[in-house]
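Enquirer: Below you'll find the structure I mean.
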Amino acid sequence: MESEKELEEMTDMYLRDIALNFMFAGKDSSGTTFLWFFYMLCKNPLIQEKVAQEVRDVVGLNHKANIDEFVAYLTDAALEKMHYIHAALTETLRLYPAVPVVMECSTWPIYAMGRMPYIWGEYAEDFRPERWLQNGIFLPESSFKFVSLHAGPRICIGKDFAYGQMKIVSMTLLCYFRFKLVDETKIATYRTMFTLHMDGGLPMRAIPRTT
Ligand code: HEM
């Protein structure tokens, strides 16, 4: 429809570039964040249980539900009520920003800024989803303080999409399974790339929920 209005600008090549841009910008960034999120949930089993409990409370179904019935409940309205999981994903992005450094006019050290006690207080290195919640409601910080999705005119345009995708997949997995690391002593380290990859991947056990 747009190409009928702007014949010169809206070419197939333009559409191809937009589609590729979304794939390159959206795939590894969300995939990597998801990996670190599950790492944090395995290292903090109580937080994993709180997330699973929120899924049960908001969706109103548990592991006994039929999967198709469960997925039908994952509406935008239900996703918006998931304050705890939103806080836990944001806390993951603070400590493990998928894009650890942005280099445009000057270098912007996203990874370092997410861990500075000067910015986040004494417990900056700890994984605490609660720091994002007030009376159970997610309270965002200024994007110039929480810089993992960049800020200002170049802020990530896929951020709501990324949260939506990550919520849907983790809500479904955590409703039906409990996750544990195959090697519970594993301390993850980084593989230096454009995005913040984990060295050696993350072998996990998925244990079907009975409670
Ligand atoms: C957790 C996942 C994500 C993270 C951490 C993330 C992070 C970022 C960051 C830091 C930037 C700024 C990069 C720069 O200016 O050098 C950015 C830009 C961008 N992101 Fe994301 N992103 C995520 C997911 C997505 C998704 C799912 C999409 C698309 C569906 C997307 C599309 C884009 C695009 C198109 C830009 C360029 C915006 C512009 O320059 O105007 N991102 N993202």
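The values are calculated or read from the model by the stated rules, or taken from the named source; none is laboratory data. It should be emphasised that the depicted structure is a prediction, and the values quoted were computed from it without experimental measurement. Here the Cβ is made from the backbone with ideal geometry for all residues, glycine too, and neighbour counts use every protein chain on show.
Enquirer: Could you list, in sequence order, all residues of the stretch 154-200 that are over 18 Å from residue 100 (Cα atoms), more than 16 Å from the ligand (Cβ to nearest atom) and of a type in the set (Gly, Ala, Ser)?
Expert: Listed by number, the list holds a single entry, 200.
Enquirer: Hey, another quick one. Looking at the stretch 85-101, is at least one residue exposed (fewer than 15 other Cβ atoms within 10 Å of the Cβ), in contact with a helix residue (DSSP H, G or I) (Cβ under 9 Å, 6 or more places away or on another chain) and of a type outside the set (S, T, N, Q)?
Expert: The answer is yes; a qualifying residue exists.
Enquirer: Kindly check whether there is at least one residue in the stretch 55-73 that is in contact (Cβ under 8 Å) with a residue 60 or more places away in the chain, under 17 Å from the mean Cα position of the chain (by Cα) and more than 16 Å from the ligand (Cβ to nearest atom).
Expert: Looking through the stretch 55-73, at least one residue is in contact (Cβ under 8 Å) with a residue 60 or more places away in the chain, under 17 Å from the mean Cα position of the chain (by Cα) and more than 16 Å from the ligand (Cβ to nearest atom).
Enquirer: To continue, here is another question. Out of all the residues in the stretch 75-97, is one or more in contact with a strand residue (DSSP E or B) (Cβ under 7 Å, 6 or more places away or on another chain), within 11 Å of the ligand (Cβ to nearest atom) and not in a loop (DSSP other than H, G, I, E, B)?
Expert: no
Enquirer: Of the conditions (1) assigned to a helix (DSSP H, G or I); (2) charged (D, E, K, R); (3) modelled with pLDDT of 95 or more, residue 68 clears all except one; give me its number.
Expert: Unmet for residue 68, out of (1) assigned to a helix (DSSP H, G or I); (2) charged (D, E, K, R); (3) modelled with pLDDT of 95 or more: (3).
Enquirer: Conditions: (1) under 16 Å from residue 170 (Cα atoms); (2) surrounded by 19 or more Cβ atoms within 10 Å (Cβ to Cβ); (3) within 11 Å of the ligand (Cβ to nearest atom). Residue 31 meets all but one. Number of the miss?
Expert: The number of the failed condition is (2).
Enquirer: Here are 174, 149: which of them is closer than 20 Å to residue 45 by Cβ, surrounded by 15 or more Cβ atoms within 10 Å (Cβ to Cβ) and out of contact with any Asp or Glu (no Cβ under 8 Å at 6 or more places or on another chain)?
Expert: Just one listed residue meets the conditions, 174.
Per-residue answers, yes or no, for (1) among the aliphatic types (A, V, I, L, M); (2) within 29 Å of residue 189 (Cα to Cα):
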| residue | (1), (2) |
| --- | --- |
| 76 | no, no |
| 93 | yes, yes |
| 110 | yes, yes |
| 123 | no, yes |
| 135 | no, no |
| 153 | no, no |
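For (1) exposed (fewer than 15 other Cβ atoms within 10 Å of the Cβ); (2) touching a residue at least 40 places away in the same chain (Cβ under 8 Å), each residue gets a yes or a no:
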| residue | (1), (2) |
| --- | --- |
| 127 | no, yes |
| 133 | no, yes |
| 143 | no, no |
| 155 | yes, no |
| 160 | yes, no |
| 188 | no, yes |
| 191 | yes, no |
| 205 | yes, no |
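Enquirer: Then there's this: Residue under question is residue 111, and the condition is that it be touching a strand residue (DSSP E or B) at 6+ places or on another chain (Cβ under 8 Å), within 16 Å of the ligand (Cβ to nearest atom) and either among the polar types (S, T, N, Q) or outside any loop (DSSP other than H, G, I, E, B) (or both); does it hold?
Expert: yes
Enquirer: Listed residues 38, 22; which is crowded, with 18+ Cβ neighbours inside 10 Å, within 16 Å of the ligand (Cβ to nearest atom), on the phi < 0 side of the Ramachandran plot and part of a helix (DSSP H, G or I)? Give the steps one after another, and end with the answer.
Expert: Details: 22 fails: crowded, with 18+ Cβ neighbours inside 10 Å.
Testing whether each residue is crowded, with 18+ Cβ neighbours inside 10 Å, within 16 Å of the ligand (Cβ to nearest atom), on the phi < 0 side of the Ramachandran plot and part of a helix (DSSP H, G or I) leaves just 38.
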